[in-house]
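A short write-up of the structure that comes next.
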Amino acid sequence: MKGAGMFRFGLVLAVLVIMFDQYTKWLILEHVMQPPRVITVTSFFNLVMAWNTGISFGMFASDSPLNRWLLPGLALVVVAGLAIWLYRTSCRFIGIGLALIIGGAVGNVIDRVRFGAVADFLDIHLAGYHWPAFNVADSAITIGAAILILDSLFRRPESSRNDDDAPATKGDQDG
């Protein structure tokens, strides 16, 4: 898949992530967490209601009105850069990673604009470790970032792939 086709595919995936993220947040806010409480699902997983006014893992959290507009603005600048990258890629693996990050980022921007904070409700704890609460958008961003990291670690550069895949020329066969 090349150019515009990959871009359309990525946008559709990003929109699906946004829709699923917003649906799960609506479900939690309007139905599950009425009243807010901790719901034990398994010995290592709870549903909770937490509001993140900061960025990842609550860093830079504050009640400053600046956070309500600065963080979404920065996120949208990053989304624009990722969308350009998505438009330029022809690799489906990278396209999926970028789409997941874009969808997750936009899902969290919607929360920041609507509520002034991001709704987090998934709570995992295991073997004495307790991760900060997160949501579907955060999961999509994490998976997308992991895809991009894996691609950068294990994918052969374009130039070496093209050299290896090219048929041998007469000069190559002589030496």
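Under the combined filter of DSSP loop state and at most 12 neighbouring Cβ atoms within 10 Å, region 1-55 retains these trypsin sites (Lys or Arg not before Pro): K2, R37. Applied to region 33-40, the Karplus parametrisation 6.51 cos²θ - 1.76 cosθ + 1.60 on θ = phi - 60° returns per-residue 3J(HN,Hα) values of 9, 10, x, x, 6, 9, 10, 6 Hz, with x for Gly and Pro. Rolling a 1.4 Å probe over the protein chains gives T40 an accessible area of about 100 Å². Amide H to amide H, with H built 1.01 Å from N, M49 comes under 5 Å of R37, counting only residues 5 or more places away or on other chains.
For region 42-49, the Karplus equation 6.51 cos²θ - 1.76 cosθ + 1.60, evaluated at θ = phi - 60°, returns couplings of 9, 5, 10, 9, 10, 9, 9, 10 Hz by residue, with Gly and Pro reported as x. Close amide H pairs (under 5 Å, H built 1.01 Å from N) link T89 with no residue at least 5 positions away or on another chain. Full extension of the chain between C91 and F154 gives 21.3 nm of extra length, using 0.36 nm per residue less the Cα-Cα distance.
Amide H to amide H, with H built 1.01 Å from N, V118 comes under 5 Å of N52, T53, counting only residues 5 or more places away or on other chains.
The values are calculated or read from the model by the stated rules, or taken from the named source; none is laboratory data. Everything quoted here is computed from the prediction, not taken from an experiment. Methodologically, a virtual Cβ is constructed for each residue, glycine included, from the backbone with ideal geometry; neighbour enumeration extends over all protein chains shown. Surface areas here come from the heavy atoms of the whole protein model, side chains and all, with no ligands, DNA or RNA. Shrake-Rupley method; radii C 1.70, N 1.55, O 1.52, S 1.80 Å.
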